[in-house]
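The values are calculated or read from the model by the stated rules, or taken from the named source; none is laboratory data. Source: prediction; values computed, not measured. Neighbour counts run over all protein chains shown; Cβ positions are idealised from the backbone, glycine included.
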Amino acid sequence: MSGLPRVFVVDDDRMLHKVLIMKLGRGMTILSAHTLGEARNLFAAYPDIRLIVLDGCLLRSSLQAEAPDTLPLVQEFRKTFRGPIVAASSNPNFRQMMMKGGCDHECEDKDRLAQVIERLLDRLVARFST
């Protein structure tokens with residue numbers, strides 16, 4: 001087991017995972033899920049996750065969907081997870097739905113996601129070290 005904080009990223013964009021691992025991999029462990037099933041399995045397998053990032057849609061394009069298909073995950077995770085959950089959909093309406101559904105933060109630009117993750121983890125560390 002790693003002493004690094006675990007960040008759980010649920011997004012179907014495999015390149016995003018590679019970029020986050022490249023940018024953040026030295027200071028944290030990135031757990032990657034690309035499907036709803038993988039997300040449920042990894043969440044159950046790793047109870048020490050510190051932060052979760054959720055895309056809005058994994059099953060189809062956000063242009064084709066009426067609502068984020070990850071919204072049920074937010075509700076499932078919130079039953080036991082008290083840490084920060086970031087809504088990282090490119091669709092602003094979906095981010096708003098996810099925020100109402102239990103996410104605490106949003107990231108409208110995935111190019112800035114690494115900075116958002118670092119900032120939120122820094123806040124967690126500061127909160128628990130005082």
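Tabulated values for the structure
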quantity: Conditions (1) small (Gly, Ala, Ser); (2) more than 19 Å from ASN91 (Cβ to Cβ); (3) touching a residue at least 40 places away in the same chain (Cβ under 8 Å): number failed by GLY56; calculated: (2)
quantity: Hey, GLY56 under 12 Å from the mean Cα position of the chain (by Cα) and crowded, with 20+ Cβ neighbours inside 10 Å or not; calculated: yes
quantity: Test result for ARG50, more than 21 Å from LEU120 (Cα to Cα), at pLDDT 95 or above, buried (at least 16 other Cβ atoms within 10 Å of the Cβ) and under 14 Å from the mean Cα position of the chain (by Cα); calculated: no
quantity: Qualifying strands (runs of 3 or more DSSP E) (wholly inside the range 1-91; at least 1 residues being touching a Gly at 6+ places or on another chain (Cβ under 7 Å)); calculated: 49-54, 85-87
